[in-house]
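What follows is one structure encoded as structure tokens, with my remarks underneath.
The values are calculated or read from the model by the stated rules, or taken from the named source; none is laboratory data. Just so it is clear, the structure is predicted and the values come from calculations on it, not from any experiment. Here the Cβ positions follow ideal geometry from the backbone for every residue, glycine too, while neighbour counts run over all protein chains shown.
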Amino acid sequence: MKETILDQALAWHGALAGDQADWDGFTRWLEADPSHREAFDSVALLDDLVDRHRPTLAALLPPDPESRSAPRSRRLRGFAGGGAIAAGIAALLVLFRPEAAVPPTWYATANLTREIALADGSRVALAASSRLGVAARGKELILAGTASFDVPHRPGRVLTVHAGGVDLQDIGTRFEVSTGPGALSVAVAEGRLTARLADGQTVGVVGGHRLLVDSRNGSAELRPFAPRDYAAWRSGRLVYDNAPLALVAADVARFAGKGIRISPDLSSRRFSGVLTIGDGSGLVRTLAQFMDLDVRPEGHGVRLVPRGAGGRRIR
């Protein structure tokens with residue numbers, strides 16, 4: 001059977017959620033035909049609606065025991081193809097977000113950063129190997145990766161950033177966000193924002209503080225944050241203070257241009273220190289040396305493992 005553009009969009013959407021995403025290939029596919037971007041935007045919109053309104057869908061539709069364990073692309077194929085589910089999605093559009101009928105505009109980076117100016121005067125710096133969706137007439141942003149935000153205060157306007165399962169609401173401030181598998185970092189340089197966690201808890205983050213969320217153990221902690229380290233990646237540094245290794249590895253993978261997985265027995269490890277980005281080629285080696293880890297080649301990327309667990313030390 002001939003693969004349709006929607007099939008390709010579903011495949012790319014699922015692939016980009018993994019640790020070894022081919023961002024260069026995705027960018028080439030996206031730019032090859034305007035219909036590719038349209039299909040991908042539709043898939044991303046559907047996924048965002050499903051994730052945020054899952055309880056409502058569960059009440060409207062028959063239970064699907066495989067929905068949680070199935071890969072994202074296969075779950076979305078079911079949503080896209082089922083008439084009842086399509087009706088549920090339509091109800092969500094009408095009941096919850098009428099403006100969501102317009103798919104978000106997506107920006108993606110490969111190995112370079114990108115500056116994005118929004119219509120309301122906000123400015124976003126999107127780091128390497130990251131994606132930003134702009135929806136609801138610029139009032140809602142969807143981030144996968146790393147970005148810094150400079151949001152001017154405007155009376156009556158609230159900007160919402162959806163990232164890593166957390167909703168960040170801001171009325172005017174400067175902050176940066178970084179996502180990783182099950183982890184999120186939000187650092188505020190100026191002003192204040194509110195973070196609504198997946199469990200419904202609300203946390204206020206003021207200037208000079210960083211919020212670290214680790215959904216794997218349900219932790220959320222506020223730590224002091226030096227304004228001089230705000231968006232340090234823009235000046236060639238990655239700065240961490242007791243950050244989950246999963247978050248650090250995700251950042252390193254973005255700037256190194258290769259997939260990085262971590263061994264399950266390293267899931268509780270934390271890292272503090274400064275990594276120099278350079279051309280990205282030495283980031284994995286430096287992180288492994290700092291944390292006394294070995295590196296095991298795996299597919300198109302690598303896996304970080306405890307010293308002596310079958311990997312090799314990179315010099």
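Here is how the numbers come out for the structure above:
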quantity: Residue match in the range 280-302 (condition: without any contact (Cβ under 8 Å) to a residue 60 or more places away in the chain, among the charged types (D, E, K, R), exposed (fewer than 15 other Cβ atoms within 10 Å of the Cβ) and within 20 Å of VAL166 (Cα to Cα)); calculated: no
quantity: Considering residues of the range 117-128 that are in contact with a Lys or Arg (Cβ under 7 Å, 6 or more places away or on another chain) and modelled with pLDDT of 90 or more only, the residue surrounded by the fewest Cβ atoms within 10 Å (Cβ to Cβ); calculated: ALA117
quantity: Evaluation of GLY88 against (1) modelled with pLDDT of 50 or more; (2) outside any loop (DSSP other than H, G, I, E, B) (one fails), failing number; calculated: (1)
quantity: Looking only at the range 239-284, and only at residues there that are of a type in the set (A, V, I, L, M) and more than 17 Å from the chain's Cα centre (by Cα), the one that is nearest to LEU222 (Cα to Cα); calculated: VAL239
quantity: Residues located in the range 177-222, provided they are within 17 Å of the chain's Cα centre (by Cα) and acidic (Asp, Glu); calculated: ASP214
quantity: Residue match in the range 228-236 (condition: in contact with a helix residue (DSSP H, G or I) (Cβ under 9 Å, 6 or more places away or on another chain) and within 18 Å of THR286 (Cβ to Cβ)); calculated: yes
quantity: Complete set of residues in the range 235-266 that are of a type in the set (Gly, Ala, Ser) and out of contact with any Ser or Thr (no Cβ under 8 Å at 6 or more places or on another chain); calculated: SER235, ALA249, GLY259, SER263
quantity: Pairs where the first residue, in the range 211-234, is outside any strand (DSSP E or B) and at pLDDT 90 or above and the second is of a type in the set (Asp, Glu) and buried (at least 19 other Cβ atoms within 10 Å of the Cβ), C-beta under 7 Å, 6+ apart; calculated: TYR230/GLU176; ALA231/GLU176
quantity: Qualifying residue in the range 208-215 (condition: in the same structural domain as PHE149 (by TED's automatic domain parsing), farther than 22 Å from LEU266 by Cα and not basic (Lys, Arg)); calculated: yes
quantity: Looking only at the range 1-46, and only at residues there that are crowded, with 18+ Cβ neighbours inside 10 Å and under 25 Å from ILE262 (Cβ atoms), the one that is modelled with the lowest pLDDT; calculated: ASP19
quantity: Scan of the range 243-270 for residues that are part of a strand (DSSP E or B) and surrounded by fewer than 18 Cβ atoms within 10 Å (Cβ to Cβ), ordered by number; calculated: ARG270
quantity: Pair list, Cβ under 7 Å, 6 or more apart: the range 261-275 residue in the same structural domain as LEU245 (by TED's automatic domain parsing), other residue of a type in the set (Ser, Thr, Tyr) and at pLDDT 90 or above; calculated: PHE271/TYR240; SER272/TYR240; GLY273/TYR240; LEU275/THR286
quantity: Selection count where residues are among the hydroxyl-bearing types (Ser, Thr, Tyr) and buried (at least 16 other Cβ atoms within 10 Å of the Cβ), scope the range 181-219; calculated: 2
